[in-house]
Amino acid sequence: MTGPAASIEHLITEMTPAEKIGQMAQVEKGSITPEEVAELGIGSVLSGGGGNPTPNDAANWAAMVGEMTEAAGASRLGIPLLYGVDGVHGHNNLRGATIFPHSIGLGATGDPDLVRRVARATAIEIAATGVRWDFAPCVAVPLDPRWGRTYEGFGRDPALVAAMGAAYVEGLHGRPGGPDPDDSSSVLACPKHYLGDGAAAWGSARRVPWNDWWDLWPDWYIDQGDAPIGEEELRAVHLHPYRAAVAAGSLTVMASYSSWRGDKMHGHRYLLEDVLRGELGFGGLVVSDWMGIDQLDPDYRTCVVRSVNAGVDMVMVPIEYRRFFADATAAVADGDISMERIDLAVRRILTAKAALGLLDIAKPDPPPLSLVGSAAHRALAREAVRRSVVLLRGEEAVPVPAAASVLVGGDGADDIGLQCGGWTIEWQGARGAITPGTTLLEALRTSHRGPVHVLGDGVPESHCDVGILVASEEPYAEGMGDRPDLTLSIDPAVFHQMRSACERLIVVVYSGRPMLLPPIADRADAIVAAWLPGTEAGGVADVLLGRHPFEGRLPHPWP
Ligand code: GLC
C-alpha cells in the first residue's frame, strides 16, 4: 500500500482512541473555541444556517474558517479540519455571495449541465472562504408539496433528481468520479438526506419527548416524519438518486432525521450499511444530521452506540460534544463499539480529507475572495433564473411590449429576502435587503424602455398597459415551512388596484413549491411561476420582456 492510503493507515496506528473519537465529531463553530479544536483533535466544524461571523463578509468568513483550520493544524497529529456549510443555493450564509435559484428552480430548467455549472460556481465561492464541504445537493424526491423542504429538492421525477444530483456532485468536486486533490476549489458534496426524507406522510412528524431542542418551533407536520411506503417504492423512487450520486463520486452522505416504517434512518443498519455500502458501493463517510442521533433514544450513550454501529461515521454534535466524547469513549471501553468500527469510521473520514488533498504537504492557495459574488457568477445565476421561469397560463399576454407603460406591485417586486427564500444569510431567511442583488423592479427599470411605475408611488396609475404583480411566500426552512394550506396569499386591495389600472395583468409567483391560486387570480391575464430565484431576479425580467423565451418546465404538478 502506498501514497495516501498508507499514510492514512499509519496515522490510524498513531492515533489515540480519544483522537479517533475527535475525528468523528462535527461541532458548530459557535460552540467551540479554536483551542478546544486543537485540544480534542476535532475532525470537523460546521456553520449551521446563519452561522456567520460579524461582520458577515468574505474576508471575515475566511478568517473564521482559517482560525479553526489552523487550530486543527496545531493538534498533536495536525490532522486537518473539514469545515462544512449548507451551501444549498450558493454560499448562502455569506452576505455578498451569489445566491442561485433554489433547487426546485434548477429542476425546472431540466438542464444537468447548467446545474453542474451552478454547483461549480458555488464551490468556488465556498472554497474561497476556506470551506471544503457543502451539505448539498439535497436529492430528496418530495412527494407532498406541503413539506417545508420541497424547494430544496430538484423535483418529483426520480430520473430528474438523479441527473441533477449527480451533476451537482460533479460540479462541487470540479470533475467526474470524485473530488480533485489538486484543485483548491474542489468541495466535498454531501447528497442528503438518506433515505426517503421526501416520502414522509403528512401528520407523521413526531416530537422527541426526551429532547426539547425541537420544542422551540411550532408543531411540524411532515418534516422529519415517517415514510410508510414499501421497499420497492423506496428503492425505485428515493434510492435511485443516491445510486447516481455515488456513481458521480460522492464521498459523504448525510443521514435523514426521518424514518421508514417507524425505524429512524440514523439507526438503520440495513439501509446505511447493506444497501448504501453493500449494494451501491458507497465507500465514503456517513454524517449524521444536526443532533440527528439524539432522536434514537432517551439515553444519549445508546444513541451513540446505535448510530455508529448502524453506519454513522461522523456525528454532527453541534453543541454537547463533551458528552459525545465521554459516551463514545465509555462505549469503546465497554466494547459496545469495537475499535475496528472506530478505525473504519476514521479511515473513511481521513480518506475524504485525503481526496481533497488536505493531507498533502503542499496545498494550493484557495480561490481569490474576489470571486465571491463575481459578475460572472451573477450572470450564471441570471441565466439559471431565466431558464427556470414557467409560464403557467396566458401566453397571449406575454411578453411585455417594448414601449408599454408598466405598473409594478406586490410584496415580492422589490425584496431580495423574498426572492431568495429560506437558507439565505439566516437559517430561515428574512424579508428585506439582506444581501446585494437585483430585484425584479430594479431589473425592469434597467431593462425596459417604456415607463415603469410602482404601485403606491402616486404616479399616474389611472392607466398602464401592463401590470406586474409579484406575490410571494414568506421565507421558511425545514419544518417551519410545513403548511396544511398552500393557498398563495395575494393582497386583494393590491390586486384590484392593479387590475383596474392595467390593460393586462401578469402575476409572478415566488414560491418554494406549487401553490393553490386564490380565485382572485382567475382575473389575471397571465400567471408565471418563478420559484425562489435568488439574488438575480433580472432573469425574470429577461423572460417577461421577451429577451428570452419561457423555457422552464414544471418539476412538480401544479394544482
Ligand atoms: C439541518 C438540516 C440539514 C443541514 C444540517 C446542518 O437541520 O436538516 O439539511 O445540513 O442541519 O445545518
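A short reminder: the numbers here are calculations on the coordinates, not readings from a lab. Since this is a predicted model, take the numbers as computed values, not measurements. When we count neighbours, we look across all protein chains shown, and the Cβ atoms used for this are built from the backbone with ideal geometry, even at glycine.
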With Glu383 itself left out, Lys, Arg at +1 and Asp, Glu at -1 over residues whose Cβ is under 14 Å from its Cβ give +3
Percent of C-alpha pairs per 20 Å bin, the chain, short to long:
23, 54, 21, 3
Antiparallel bridges, percent of DSSP beta bridges restricted to region 3-370 (to nearest 5):
10
For the chain: lysine pairs under 22 Å (alpha-carbon distance), excluding those fewer than 8 apart on one chain
7
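Can you run the Rg to Rh ratio on region 426-559? Use alpha carbon positions and the Kirkwood inverse-distance Rh.
0.95
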Environment charge of Gly267, counting only residues whose C-beta is closer than 11 Å and scoring Lys/Arg +1, Asp/Glu -1
+1
Applying the Karplus parametrisation 6.51 cos²θ - 1.76 cosθ + 1.60 with θ = phi - 60° to the phi angles of region 248-253, what ³J(HN,Hα) value in whole Hz is obtained for each residue in order, glycine and proline being reported as x?
6, x, 5, 10, 9, 9
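In µm²/s, what is D for region 277-407 at 4 °C and 1.567 mPa s, where D = kT/(6 pi eta Rh) by Stokes-Einstein and Rh is the Kirkwood radius from Cα pairs?
Details: Rh = 19.8 Å.
In µm²/s, the coefficient rounds to 65.
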Largest-first semi-axes in Å of the equivalent ellipsoid built from the Cα gyration tensor of region 134-269 are 27, 17, 13
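By per-residue mean of other Cβ atoms within 10 Å, what is the highest-first order of 418-428, 168-178? Don't skip to the end; give the middle numbers.
Details: 418-428: 26.3, 168-178: 22.5.
Peptide ranking by packing, descending: 418-428, 168-178.
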Which value results for Rg/Rh of region 1-85 when Rg is the Cα radius of gyration and Rh the Kirkwood radius based on the inverse mean 1/r?
1.03
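Provide the net charge surrounding Asp414, with neighbours chosen by a C-beta distance below 15 Å and charges set as Lys +1, Arg +1, Asp -1, Glu -1. Before the final figure, lay out each step's value.
Working: positive: Arg431, Arg445; negative: Asp411, Asp415, Glu442, Asp457, Asp491, Glu536.
Residues near Asp414 contribute -4 overall.
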